[in-house]
Amino acid sequence: MQPTLESRLKAEAANLGFTLFGIAPATTADGFHHFQDWLAKGYAGEMHYLSRSEAARRHPSSILDRVESVLMLGMEYEGRCNERNDSTSASKLTGKVAAYAMGPDYHALIWERINALANWLEIESPGCRTKAVADTAPLLERDFARRAGLGWFGKNTLLINPKRGSYFFLAAVLTDLILQADEPFDRAHCGTCTACLDACPTKAFPEPFVLDARKCISYLTIELRSEIPQPLREPMGDWLYGCDVCQQVCPWNRKGSPGPIAFPHHAHMEHLDPIELLGLDPTAFRARFKKTSLWRNRRAGLLRNAAIVLGNIGDEAAIPALQGALADSETVVREAAAWAIDRIQQRRLKES
């Protein structure tokens, strides 16, 4: 018996480094009304692009006209880096980066792979139409990933796979071919566990399965361009870019994935020195981070975060660098540096 197009498509996805793959019918997103409600409550914060694309997220036909099927894909990354770093940090004057960002910009790598997969499908089925999407397209990816059998929504709102945990990127290939759909994942396996909700430093979950992005450390350190609200600064701890806490404590991530992990991990990204970051001018920042995910929040955002991390660490050795940042061209950097200096000095007064 000849292998089906669906089985050959999945085999090609595996060859390209995806360890999760499944097919869902291209119908209205299951959770669209939940997404609307989430937006209405203001939980998106300053991510206004989500509101602008609200209607487009109802159905994948906004991306590909006459779409029939959605191939959902997952590519894993090394997710246990920060768990090791908590006990093996090279210096207390370091800041943490979310595990997914400890490598090149994931968008470029994944787009290259999904475009290759879409091209393969067009060659195998001449005349078919495809569209490869990752992250930036108006697709409610989790909905279609669950529908394609890749996992369930955890209480931390992340998609969790029973064999591979949650440390993976999602991507999709849309097509006008009618492909045999996989069984949806129709059960959740979080049970009574609330580890992720309890561990969140900023209490960003108003209830299970709901994230208030305005309080999420990933949002604060990446998406937010303005000053970080002062009540949320101390709970940020030493997170420079993103946060992995709700994944670190998840029981489904304890064993680690059997792999293979296709996304590269750069050891030099595990420990970033906030003092060094404060000394980066725009040219140096570009040279160092242009091809990484840290480029996303630009120099002002990363240096703002570095100042807050130094304030939270509280080491007086950081004061000269922070004083230098008081003359930075960016308002958010100057304000964060002033806050950090005051915090360090207040701590010194309390200890004296």
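Residues in the stretch 235-256 that are open to solvent by less than 40 Å² (accessible area, probe 1.4 Å) and touching a strand residue (DSSP E or B) at 6+ places or on another chain (Cβ under 6 Å): Trp239, Leu240, Tyr241, Asn253. Can you find a residue that is at pLDDT 95 or above, in a helix (DSSP H, G or I), loosely packed, with under 14 Cβ neighbours inside 10 Å and polar (S, T, N, Q) anywhere in the stretch 61-68? No, the stretch 61-68 has no match at all. Might you check whether a residue that is open to solvent by less than 20 Å² (accessible area, probe 1.4 Å), in contact with a Pro (Cβ under 7 Å, 6 or more places away or on another chain) and part of a helix (DSSP H, G or I) occurs anywhere in the stretch 216-223? Scanning the stretch 216-223, I find at least one residue that is open to solvent by less than 20 Å² (accessible area, probe 1.4 Å), in contact with a Pro (Cβ under 7 Å, 6 or more places away or on another chain) and part of a helix (DSSP H, G or I), so the answer is yes. Where helices (runs of 4 or more DSSP H) fall wholly inside the stretch 1-55, the ranges with 2 or more residues that are under 27 Å from Pro264 (Cβ atoms) are 5-15.
For Glu276, the requirement of being in contact (Cβ under 8 Å) with a residue 12 or more places away in the chain, open to solvent by 40 Å² or more (accessible area, probe 1.4 Å) and outside any loop (DSSP other than H, G, I, E, B) is not met.
Looking only at the stretch 316-328, residues that are open to solvent by 10 Å² or more (accessible area, probe 1.4 Å) and touching a Leu at 6+ places or on another chain (Cβ under 6 Å) come to 1 in all.
Being open to solvent by less than 10 Å² (accessible area, probe 1.4 Å), within 20 Å of Pro229 (Cβ to Cβ), modelled with pLDDT under 95 and not basic (Lys, Arg): is that true of Asn297 here? Here the answer is yes, as Asn297 does meet what is asked. Can Arg304 be described as basic (Lys, Arg) and surrounded by fewer than 21 Cβ atoms within 10 Å (Cβ to Cβ)? No.
Of all the numbered requirements in (1) surrounded by 13 or more Cβ atoms within 10 Å (Cβ to Cβ); (2) assigned to a helix (DSSP H, G or I); (3) not polar (S, T, N, Q), Ala262 misses one, and that requirement is (2). Condition first: open to solvent by 40 Å² or more (accessible area, probe 1.4 Å) and either over 20 Å from Cys196 (Cβ atoms) or part of a loop (DSSP other than H, G, I, E, B) (or both). Can you find one or more residues in the stretch 132-145 that meet it? Yes, there is a match, as at least one residue in the stretch 132-145 is open to solvent by 40 Å² or more (accessible area, probe 1.4 Å) and either over 20 Å from Cys196 (Cβ atoms) or part of a loop (DSSP other than H, G, I, E, B) (or both).
Considering the stretch 171-195, the residues that are more than 18 Å from Glu122 (Cα to Cα) and hydroxyl-bearing (Ser, Thr, Tyr) include one that is surrounded by the fewest Cβ atoms within 10 Å (Cβ to Cβ), namely Thr192.
The values are calculated or read from the model by the stated rules, or taken from the named source; none is laboratory data. Given the structure is predicted, the values throughout are model-derived calculations rather than measurements. Note that we place each Cβ from the backbone using ideal geometry, even for glycine, and neighbour counts take in every protein chain shown. Just the protein is used for accessible areas: all its heavy atoms, side chains included, with ligands, DNA and RNA removed. Shrake-Rupley method; radii C 1.70, N 1.55, O 1.52, S 1.80 Å.
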